[in-house]
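Only one structure is covered here, and it is reproduced in the block below.
Derivation of every value follows stated rules applied to the coordinates shown; laboratory data play no part. Computed from a predicted structure; not experimentally measured.
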Amino acid sequence: MKKVYNLIVAVSIVIGVISCDNEASLEFKHADKEQVINCVNANNTLLNEALYQFEQDITNAYDPESQLVNKAYANFLYVGFSGEAEYERLATPHTLAIRKELVKAGIIKDGGFKSNLAYSNISCILKNIEDPQLALMIEALVDSNTMDPKLFSTRMRNFGRKASKSRYTALYVALDTYYQQLTMTELPIQESNE
């Protein structure tokens, strides 16, 4: 009986250590901000962290003086959707850590510069996109296996004005034009990004 008890205690300790390692692998720097993404059965903390870090990164790169998020979106959207943004200038080590967690969570698949989102794992985000025509277009492209963010480079140019109110669409932009573009390998990060 004592052996069984010791085995149970040992297994519990191992599970506890593994759980702590998984939770501690990402520091949530934006946890104090309003949690605007709320999906059932989703890692909402990670999704909100991804959104806020994306907005911080593009604001620091595209509007460092006035720090206006809408202006940063306006400057990022075309190059982001076309895949021509200077990701090494935008991303910080924290951004890459978020990207890694998004892959672990099954939200983004590794590889390529095409849309690599696991759309079945983010159906809540797509269902909550504030523009029903955009949501319908994304759904149709995903269903036909032809989804590519480049198809939206012109259509999304003016989204920056709506970004502060259309939070699910903003998260879609962050996931499909930013995080999915970053690689898991060595991306040269400039020290000034943090």
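Filter LYS33/LYS150; LYS71/LYS104; LYS127/LYS165; LYS104/LYS165; LYS33/LYS100; LYS29/LYS150 down to the pairs with a C-alpha to C-alpha distance above 27 Å, please.
LYS33/LYS150; LYS71/LYS104; LYS104/LYS165; LYS29/LYS150
Between LEU151 and ALA31, what is 0.36 nm times their sequence separation minus the Cα-Cα distance? Round to one decimal in nm.
That pair, LEU151 and ALA31, stretches by 39.9 nm at full extension.
Please report the orientation-averaged projected area of segment 40-83, defined via the convex hull of its C-alpha atoms, in nm².
Across all orientations, segment 40-83 yields a mean hull projection of 3.7 nm².
Show log10 I(q)/I(0) for segment 34-190 at q = 0.12, 0.13, 0.20 Å⁻¹, two decimals, from a solvent-free Debye sum over equal Cα scatterers.
Results for segment 34-190 at q = 0.12, 0.13, 0.20 Å⁻¹ read -0.45, -0.53, -1.43.
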